[in-house]
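The values are calculated or read from the model by the stated rules, or taken from the named source; none is laboratory data. Quick caveat: nothing in here was measured; it's all calculated off a predicted structure. Here the Cβ is made from the backbone with ideal geometry for all residues, glycine too, and neighbour counts use every protein chain on show. Quick note on the areas: whole protein, heavy atoms, side chains included, nothing else; ligands and nucleic acids left out. Shrake-Rupley method; radii C 1.70, N 1.55, O 1.52, S 1.80 Å.
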Amino acid sequence: MDATGQWWRDAVFYQVYPRSFADSDGDGVGDLPGVVERLPHLRDLGVDALWLSPFYPSPMADAGYDVADPRGVDPLFGTLADFDRLVDRAHALGLRVVIDIVPNHTSHEHAWFRAALASPPGSCERSRYLFRDGRGADGGEPPNDWTSQFGGPAWTRVREADGSPGQWYLHLYAPEQPDLNWRNLEVRSEYLSILRHWLDRGVDGFRIDVAHGLLKAVGLPDAGTVPQGWEGRMHHRLPYWDQPEVHDVYRGWRRVLDEYGGQRIAVAEAWVPHPDRLAAYTRPDELHQAFNFPYLMAGWDAGRIRAVVDASLDAAHRVGAPPTWVLANHDVPRAPTRLGGLDRALAALLLELALPGSVYLYQGEELGLEEVVDLPDDVRQDPVFLRSGGTLRGRDGCRVPLPWSADGASMGFSPNGRAWLPQPAGWRALTAEAQVRDPASTLSLYRRALRLRREHPALGGDGVLTWLQSPEGTLAFERAPGFVCFANLTDAPVTVPPIGALLEASAPVDAAPDGGHVLPGHTTSWWSVGG
């Protein structure tokens, strides 16, 4: 735990994507009892908390991020009693539980949206969402030029009760995910009630989906030409992202969190381009943390990584919040594929674990799983793939169910050998069961590194680091007391001078004739120095 006594400031969080983690009932889809069964894996891995992706009742137009009832559990995943058992078991194992909350939109099957469709324009029911008249003489054109994050227009026209073409509603994602109107006080009050519902059931916090998107610019002005891709969109100021009024919402949420004991927290999924704008979400009266997407998008480039680390530490220090570091989640390609190889992904892991602040891991990282790029089109379910007509491959490749053992066709994922997405045959050599017995495995490296991070007095915390001189394409820094991290991000070996005792490395490190060491390409090493 951080020296301040605030557990979350240097915690390691592990994201559980329930439908792909572990299946207990044999239907081929992961569930909450499956998570309970595998919680010892997380304890033994050495993480501090699990973040649970959505498990709410949902028609599954977007794998559960289209929530029909934000206070329940979808029968696909279990029951509220299963959820309570999960929280109790996690706490008994020393693990905190953070759950997803999805406030930007609901499912089109939510009771509120059904009521809105049944009510006339201008009604209280419609004011909970963003209904607008269309443009043009007959209202046949969308109210503005906004586009969906999943492709196509961000507006869908409804039929009114008399059968005539009616208003349009906004959906920044799929049409089955209508956006809420966060200028409506009833919406704000409802979500405070939802927070209390889950806090009363013992959760330790929330990960806020699309935290930067709740408020839209007054008047819903046109966005103009929007760059393609996440990075381009992040750097283009859009009228539906990162509006100043969104911070008023989170000040209200913070007051609710602070009412509860046990240091309940909230972390923002906020896709904003610069650490300064990200840090605004973590001011002392707002949220506790925000995902550091600029770090994730820095790739495997020494200059870019150092620049993001410096900017992140500076921005976090100015608001008194801990920085966060993340390499993967359920929305981006797995790190070995995205960074160009498992050697780079493991080097990146040791680099991020050595930085001050909190770390977020994604399930399967500890097994060294790569992105599944060759899924057949007929099994893909991501709306990104479906709405783009197959031109965008979507996110299914990082959501393939985990391999636990050599048992059965689904590698221990399901007792009946079923899996909602097919697993690559090569994963049979990467199962958790196989790796836990191999000291040279990826899983063993994760376990050792997380144990060292917890035990070494210089690691954890959200303090400072001091950069050291190092060759081009490498990164070296010191953290007190007595720790040095040296990362070689180049293809060629680098000889490093004598540093101290080697604590851990992402690849074998050889001794050099002068007493130094030869660090292979794409390798990070940890050293104990002094005393």
Within segment 364-378, can one find any residue that is among the β-branched types (Val, Ile, Thr) and either within 21 Å of TYR173 (Cβ to Cβ) or crowded, with 23+ Cβ neighbours inside 10 Å (or both)? no
Does segment 77-114 hold any residues that are free of Cβ contacts under 8 Å to residues at least 40 places away in the same chain and of a type in the set (Phe, Trp, Tyr), and which are they? TRP112
If I ask for residues that are under 27 Å from the mean Cα position of the chain (by Cα) and polar (S, T, N, Q), which ones from segment 138-179 would you list? THR147, SER148, GLN149, GLN177
For ASN184, indicate whether it is in contact with a Ser or Thr (Cβ under 7 Å, 6 or more places away or on another chain), in contact (Cβ under 8 Å) with a residue 24 or more places away in the chain and more than 20 Å from PRO57 (Cβ to Cβ). yes
Leading residue by the ranking (surrounded by the most Cβ atoms within 10 Å (Cβ to Cβ)) among those in segment 196-227 that are at positive phi, touching a residue at least 40 places away in the same chain (Cβ under 8 Å) and assigned to a loop (DSSP other than H, G, I, E, B): VAL210
Looking at segment 328-347, can you tell me whether even one residue there is within 16 Å of the chain's Cα centre (by Cα), farther than 30 Å from PRO508 by Cα and open to solvent by less than 10 Å² (accessible area, probe 1.4 Å)? yes
Would you mind stating whether ARG71 is of a type in the set (Lys, Arg) and part of a helix (DSSP H, G or I)? no
What are the residue pairs meeting all of these: first residue in segment 27-39, first residue under 11 Å from PHE55 (Cβ atoms), second residue of a type outside the set (D, E, K, R) and in a helix (DSSP H, G or I), Cβ atoms under 7 Å, and 6 or more apart or on different chains? GLY30/PRO18; GLY30/SER20; ASP31/PRO18; LEU32/PRO18; LEU32/PHE83; LEU32/LEU86; VAL35/PRO18; VAL35/LEU86
Could you please let me know if PRO498 is loosely packed, with under 13 Cβ neighbours inside 10 Å and in a loop (DSSP other than H, G, I, E, B)? yes
For VAL98, are the conditions met, namely being part of a loop (DSSP other than H, G, I, E, B), crowded, with 22+ Cβ neighbours inside 10 Å and modelled with pLDDT of 95 or more? no
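Quick grid of which residues meet (1) open to solvent by 10 Å² or more (accessible area, probe 1.4 Å); (2) within 30 Å of GLY5 (Cβ to Cβ):
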| position | (1), (2) |
| --- | --- |
| LEU443 | no, no |
| ALA449 | no, yes |
| ARG454 | yes, yes |
| VAL464 | yes, yes |
| PHE483 | no, yes |
| LEU502 | yes, no |
Residues in segment 128-177 that are surrounded by 14 or more Cβ atoms within 10 Å (Cβ to Cβ) and not in a loop (DSSP other than H, G, I, E, B) total 16
